[in-house]
Amino acid sequence: MRNVFSRRDFLKASAAAVLAASAVGVLTGCDGGGSEIPSATIGLGEFEVTMTGNMTITGDEVVGNENANGYLCKPNVRIRYNGAASEIKYNFAGVFVAKIDKTALELTNGKEEISSKLTKTYVPQFRAKASGYGSFKQGVPFKLYVTLQGRTAEFALTSDGKVTVSAVDKV
C-alpha cells in the first residue's frame, strides 16, 4: 500500500508541527522564567526598604577572588519613600552599618547620599577581611543594619542568597 501525501497535506502537517513546537516554548515560559532572587522588605518610618539576596563580592584587584586579603561586599538595597516631605537626604554613613559575625565592616562610600525623591537601588560598599569572608562562606550571615527616621532594621544574608529582616533597637 502506498501513502499518498499531497502538497496540501504536507503544508497542513508542517503548520501543525510548527504550531505544536512553538506552543511548547510558550508553555515552558509560564513557569516564571527561572528562579526569583530572594528579598526581604521592612518599613522604617515613611520608608520601605528591601534588600535582595544577590550581593556582589569582589576580591582584591591584585590577586582576584582566590586568596584575596580583603573583599568588597556590595549589597543591593532598594529604598522607597512613602511620605509627604519635599525631600529628605541622608549620607550612607548615617544609614548603613554592616557586620560579619561581630566584626564591623568598613563602609567605603559613606559620603554617597540617599534622597527621598528617588526610589532607587542603593549599593553601599563594605570592606571585609579575608577571615570575615571565610566566615560568611562557611555560613555566618552578612548583617546589614539600615537606620532611617530613628528606626533600625537588621537584614541577614547567607552565602546561599537567603535574606531575612527584623526590626532591632540597636546596631
*asked:* Can you report the number of residues in the stretch 142-157 which are touching a residue at least 40 places away in the same chain (Cβ under 8 Å) and either within 17 Å of Gly59 (Cα to Cα) or within 16 Å of the chain's Cα centre (by Cα) (or both)?
replied: 7
*So, of the residues in the stretch 113-129 that are under 14 Å from Val97 (Cα atoms) and hydrophobic (A, V, I, L, M, F, W, C), which turns out to be surrounded by the fewest Cβ atoms within 10 Å (Cβ to Cβ)?*
Val123
*Consider Gly64 carefully, then state whether it is modelled with pLDDT under 85 and part of a loop (DSSP other than H, G, I, E, B).*
yes
*Kindly indicate whether any position in the stretch 39-53 is outside any strand (DSSP E or B) and of a type in the set (A, V, I, L, M).*
no
_Name the single residue that is farthest from the chain's Cα centre (by Cα) among those in the stretch 120-141 being among the aliphatic types (A, V, I, L, M) and within 20 Å of Pro38 (Cα to Cα)._
Val140
*For residues that are more than 14 Å from Val49 (Cα to Cα) and not aromatic (Phe, Trp, Tyr), tally how many sit in the stretch 120-149.*
15
_Taking the condition of being among the charged types (D, E, K, R) and more than 17 Å from Leu44 (Cβ to Cβ), how many residues in the stretch 118-150 meet it?_
3
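The values are calculated or read from the model by the stated rules, or taken from the named source; none is laboratory data. In this text the structure is predicted, and so the values were computed from the model without any measurement. Note that each Cβ is placed from the backbone with ideal geometry, even for glycine, and that neighbours are counted across all protein chains shown.
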